[in-house]
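Engineer: Dropping a structure here in structure tokens format, bear with me for questions.
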Amino acid sequence: MNIMVTHTNKPSLLIVEDEHYLRELYVDIFAHDGFEVDSAEDGNEAYSKMKSNEYDLVLLDIILPGMDGMQVLDKLVREKSVKLDNIVLLTNLSQDLVIAKALDYGVRGYLIKSDYTPDQLLNEVKSFLNNNHA
């Protein structure tokens with residue numbers, strides 16, 4: 001497995017979001033706060049990046065063009081090639097069954113995008129990262 005090479009101790013983050021404005025906003029906020037940020041706009045790109053890089057945390061939107069977030073998780077689970085405990089689902093939907101299935105797979109948690117301002121999202125991500133290294 002290739003590892004995303006960073007020359008700093010910055011946490012690495014993959015943001016998977018198909019809405020251009022939100023993706024760019026999230027990238028800017030996290031980069032400004034000192035994260036190494038990568039992004040993907042669809043499930044196929046996300047899957048490829050998750051297979052070839054190692055991230056401290058992945059924010060994975062559920063509804064994506066091509067392969068949706070759950071299909072990405074299904075594929076990763078079948079292959080057993082990528083750990084899922086560094087993935088946090090991003091969604092605007094309260095899809096209890098989908099979220100429950102993802103949590104059963106071992107994802108770290110989920111965030112409903114509309115419930116958080118960008119600054120609050122930043123704080124939630126930091127909390128997930130702190131819990132990962134506790």
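Engineer: List the residue pairs whose Cβ atoms are under 9 Å apart, where the first residue sits in the stretch 15-28 and is without any contact (Cβ under 8 Å) to a residue 40 or more places away in the chain, the second is of a type in the set (Ser, Thr, Tyr) and crowded, with 18+ Cβ neighbours inside 10 Å, and the two are 6 or more positions apart or on different chains.
Structural biologist: These pairs meet every condition: Arg23/Ser39; Glu24/Ser39; Val27/Ser39.
Engineer: Oh, and also: I'd like to check something: does the stretch 99-106 contain any residue that is among the β-branched types (Val, Ile, Thr), over 21 Å from Asn9 (Cβ atoms) and surrounded by fewer than 18 Cβ atoms within 10 Å (Cβ to Cβ)? Spell out the reasoning first.
Structural biologist: The first filter runs over the stretch 99-106 and keeps only residues among the β-branched types (Val, Ile, Thr), leaving 99.
Subset that is over 21 Å from Asn9 (Cβ atoms): 99.
With the extra rule that they be surrounded by fewer than 18 Cβ atoms within 10 Å (Cβ to Cβ), the set shrinks to none.
The answer is no, given that none of the residues of the stretch 99-106 is among the β-branched types (Val, Ile, Thr), over 21 Å from Asn9 (Cβ atoms) and surrounded by fewer than 18 Cβ atoms within 10 Å (Cβ to Cβ).
Engineer: Continuing with this model, one more query. Which pairs do you get when a residue that is under 21 Å from Phe35 (Cβ atoms) and among the acidic types (Asp, Glu), found in the stretch 97-125, comes within reach of a residue that is modelled with pLDDT under 90 and not in a strand (DSSP E or B), reach meaning Cβ atoms under 6 angstrom, with the pair 6+ apart or on two chains?
Structural biologist: none
Engineer: Follow-up. Restricting to the stretch 68-97, and then to whatever is over 15 Å from the mean Cα position of the chain (by Cα) and under 24 Å from Tyr21 (Cβ atoms), can you tell me which residue is surrounded by the most Cβ atoms within 10 Å (Cβ to Cβ)?
Structural biologist: Gln95
Engineer: Which ones in the stretch 43-61 are outside any helix (DSSP H, G or I), out of contact with any Asp or Glu (no Cβ under 6 Å at 6 or more places or on another chain) and free of Cβ contacts under 8 Å to residues at least 60 places away in the same chain? So that I can check it myself, show each step before the final result.
Structural biologist: Initial filter on the stretch 43-61 (outside any helix (DSSP H, G or I)): 53-61.
Adding the requirement that they be out of contact with any Asp or Glu (no Cβ under 6 Å at 6 or more places or on another chain) leaves 53-60.
If the condition is that a residue be outside any helix (DSSP H, G or I), out of contact with any Asp or Glu (no Cβ under 6 Å at 6 or more places or on another chain) and free of Cβ contacts under 8 Å to residues at least 60 places away in the same chain, then Asn53, Glu54, Tyr55, Val58, Leu60 are the ones that fit.
Engineer: Within the stretch 12-23, take every residue that is closer than 14 Å to Leu121 by Cα and part of a helix (DSSP H, G or I) and give me the one that is modelled with the highest pLDDT.
Structural biologist: Checked the stretch 12-23; the qualifying residue modelled with the highest pLDDT is Arg23.
The values are calculated or read from the model by the stated rules, or taken from the named source; none is laboratory data. This one's a predicted model, so the numbers in the text were calculated from it and none came from an experiment. Cβ: placed from backbone, ideal geometry, glycine included. Neighbour counts: every protein chain shown.
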